[in-house]
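> Okay, handing you the structure first.
Derivation of every value follows stated rules applied to the coordinates shown; laboratory data play no part. Source: prediction; values computed, not measured. Cβ: placed from backbone, ideal geometry, glycine included. Neighbour counts: every protein chain shown.
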Amino acid sequence: MTDTEEITAPILPDGIVVIVKRECETCQTVVPVLEQLAGGVELHVYSQDDPEFPASPASIPDSDLAISWFHDIETVPTVIRVADGVEVERTVGWSRDAWESITRLDALGPDLPAMRPGCGSMSVDPDLVDELRVRFGRTSLASRRIEVAAAEDEMELMFNRGWTDGLPVVPPTEQRVMAMLEGTSRASTETVAVVPPDLAEVTVEKVAIAAVMAGCRPEYLPWVLTAVEAACTEEFNMHGLLATTMPVGPVIVCSGPGTRAIGMNSGGNALGQGNRANLTIGRALQLVVRNFGGGVPGDIDRATHGSPAKISFCFAEADDTSPYGRLAAEHGIEDGVDAITVFAGEAPQGFVDQLSRTPESLATSLAMRLRAVQHPKLIMMFDTVLVMGPEHARVFADAGWGRERIVEGIMAHLSQPGSELVRGANGVAEGVPEAWADAESLPKFRPCGLMLTYAGGGAGLFSQIVAGWVNGEKGSAPVTRAVSY
Amino acid sequence: MSSVLDPTSERHIVERERLARPSSLEGMTVGLLDISKPRGDVFLNRIEERLVGIGAEVKRYVKPTFAKPAPVDLRHKIATECQVVIEALAD
């Protein structure tokens, strides 16, 4: 098998080229017209499905569909006028006027109706397209091929080579990867990012392989590509996220009309199981980090406990119904633009408040709960994403509290005197350094450290807290990017 | 022959690599697998003596018949209990 064989687009011969298939009734109907053309022009007839059709004039077989594929034949019959190896004009189906114009002949098909529509070309047949894409696009895939032995189960092969996250992956065959690459207009050879810890340059093709393995559909690929770019930035510090003993992983927050177009879940159970887009986009990013970047548990990944959220943690904000906008807007993304934010976070933790009906009560209540993020005596070094459920959001919305007001209202109750927080205070060794003992009021979060998102089902007075890894110089900063298609 | 595309950065070779050969057998657990040919045990007894003499610990195994590969369980047992294996193929 020569994978490096050059498949070049075949050139059309000069004159009038007609592509037909026997299975098409219109093609059968125009056979007498083809006979007329054979007498008047330099005629070349290509037959997709039967070399014996038509019986006269003789046709050239396009059995591998190379002519049809490379010349974008979508309908049969298609008539093309070619001069000096270049297509000048074409028409599809049967139309006496169009055929007479393109061939410069008169009185074509006198016994035929004026027009008759054509049929679908075999080169766009959904049952054949994946195979054709591999046949004619083969040279564009650069990755090494791994042969599956005759007696080998390809699912086991993926496990045996250590390429899974513990769950089965979809084997990335050429056909599947080629189909996945249809989901982006970016070239498969384009470099997307440099992936820690191995610091190798990952291409669109390699990300597509991971996306196939994760179970993505092609329309999810732009989201995966954008997530990989964002997660591999210096400021996000993916290497740190791997090497830390904390249970963190990349959390992907998606928003924009594209989330609805691809069927992401921003409603009931949005952080849970069941939605293909949510789960496979998050999983694909982790598979890139694992298989391409080399970030593997027991090796660079030193998490003490880890968490189920490290398999995949990706959800969509319900930004179309959000009473306070979306997270991406805080980072300069314009309305209507699809975007993702990656955040170094843990699995979600619950917040229950079923009785607060005023914004003041709910804000104070949230503050009590948030005080305990990572540890009640640790401050400033961890950011947090709050996933507010719609029933909680409504309490604020009904009182006219916007995004800034909500955060302000929570933060107003999230300061402590240094004496409560310092190491040793209240009999607990953990805490802030001695030097802060005299501070009157220390905030739990740095400015912009508490981030609001909006997602969840319509019933349930709950919100979710996604506690962050360490921020600042040695840690991670959230990164927001518009999705590039 | 079907194939899948390599998801890695392709820095490592595709075939599984052998482990590095140990520089000495002293202190190592060596497995001796008798393939059940007649008097193979006599040969292996002598090998065992010599291995013990150079400081190795020896474990003995037998497979049911020379005509078939060793059963999976036996292979697994050997792999978990030993660092080095000697398989007698002589007649």
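> Which of the aspartates and glutamates could be linked to B:Lys37 by a straight reach, that is with a Cα gap under 19 Å, when you skip same-chain ones fewer than 8 residues away?
Leaving aside aspartates and glutamates fewer than 8 places away in the same chain, those within reach of B:Lys37 are B:Glu48, B:Glu87, B:Asp91.
> Here is a further query. Where nothing but the Cβ of Lys and Arg (+1) and of Asp and Glu (-1) is charged, how large is the charge dipole of chain B around its Cα centre, in debye to the nearest 20? Provide the component values of the computation, followed by the final result.
Numbers: 14 positive and 14 negative charges, 44 e Å.
Result for chain B is approximately 220 debye, rounded to the nearest 20.
> Same structure again: Which value, in nm² and rounded to one decimal, describes the direction-averaged projected area of the C-alpha convex hull of the protein assembly as shown?
Working: hull surface 165.4 nm².
It is 41.4 nm².
> Another question, if that's okay. Provide the packing ranking of A:83-96, A:228-241, i.e. peptides ordered by the mean count of other C-beta atoms within 10 Å per residue, highest first.
In descending order of packing, they fall as A:228-241, A:83-96.
> Right, something else. For the Cα atoms of chain B, what angle does the longest principal axis make with the long axis of helix B:40-53, in degrees from 0 to 90, nearest 10?
Approximately 90 degrees, to the nearest 10.
> Right, here's the next one. On C-alpha positions alone, give me the angle between the axis of helix B:72-81 and the longest principal axis of chain B, in degrees, nearest 10.
Once rounded, one gets 80 degrees.
> Further question: Looking only at other chains, what is the average number of their beta-carbon atoms within 10 angstrom of each beta-carbon in A:202-215? Walk me through the numbers before you get to the answer.
Details: counts 1, 0, 0, 1, 6, 1, 2, 5, 1, 0, 3, 3, 0, 0.
Mean partner-chain Cβ count within 10 Å for A:202-215: 2.
> I've got another one for you. Cross-link list A:Lys377/A:Lys474; A:Lys206/B:Lys68; A:Lys310/A:Lys444; A:Lys206/A:Lys310: which exceed 32 angstrom alpha carbon to alpha carbon? Walk me through the intermediate numbers first.
Numbers: A:Lys377/A:Lys474 20 Å; A:Lys206/B:Lys68 42 Å; A:Lys310/A:Lys444 26 Å; A:Lys206/A:Lys310 21 Å.
Among A:Lys377/A:Lys474; A:Lys206/B:Lys68; A:Lys310/A:Lys444; A:Lys206/A:Lys310, the Cα-Cα distance tops 32 Å for A:Lys206/B:Lys68.
> Where does each of A:108-116, A:326-334 land if you order them by average Cβ count within 10 Å, highest first?
Details: A:108-116: 13.3, A:326-334: 18.4.
The packing order, highest mean first, is A:326-334, A:108-116.
> Find which of A:Ala393, A:Thr203, A:Ile300 sits farthest along the positive direction of the dipole of segment A:157-482, computed with +1 on the beta-carbon of Lys and Arg, -1 on that of Asp and Glu, about the Cα centre.
Most positive-ward Cα: A:Ile300.
> Please list A:364-371, A:337-344, A:436-443 highest first by mean number of surrounding beta-carbon atoms within 10 Å per residue.
Top of the packing list down: A:337-344, A:364-371, A:436-443.
> Which one, A:Gly120, A:Pro417, A:Gly456, projects farthest toward the positive side of the charge dipole computed for the protein assembly as shown from Cβ point charges (K/R +1, D/E -1)?
Going by the Cα projections, it comes out as A:Pro417.
> Sticking with this structure for a sec: Suppose every K and R has +1 on its Cβ and every D and E has -1 on its Cβ; what is the size of the dipole of chain A about the Cα centre, in Debye to the nearest 20? Let's see the in-between values first.
Details: 36 positive and 65 negative charges, 412 e Å.
Rounded to the nearest 20 debye, it is 1980 debye.
> Give me a single rounded figure for A:153-160: the average over its residues of other chain Cβ atoms within 10 Å of their Cβ. If you can, show how the numbers build up before the last one.
Values: counts 0, 3, 0, 0, 1, 2, 0, 1.
Across A:153-160, the average partner-chain Cβ count within 10 Å equals 1.
> Here's a follow-up. Under 5 Å between amide H atoms, partner at least 5 residues away or on a different chain: which partners does A:Ser463 have, H built in plane at 1.01 Å?
Residues meeting the amide H criterion: A:Phe351, A:Asp353, A:Gly389.
> Among B:Gly31, A:Ala482, A:Tyr324, whose Cα lies farthest out toward the positive end of the dipole of the protein assembly as shown, if unit charges sit on the beta carbon of Lys, Arg (+1) and Asp, Glu (-1)?
B:Gly31
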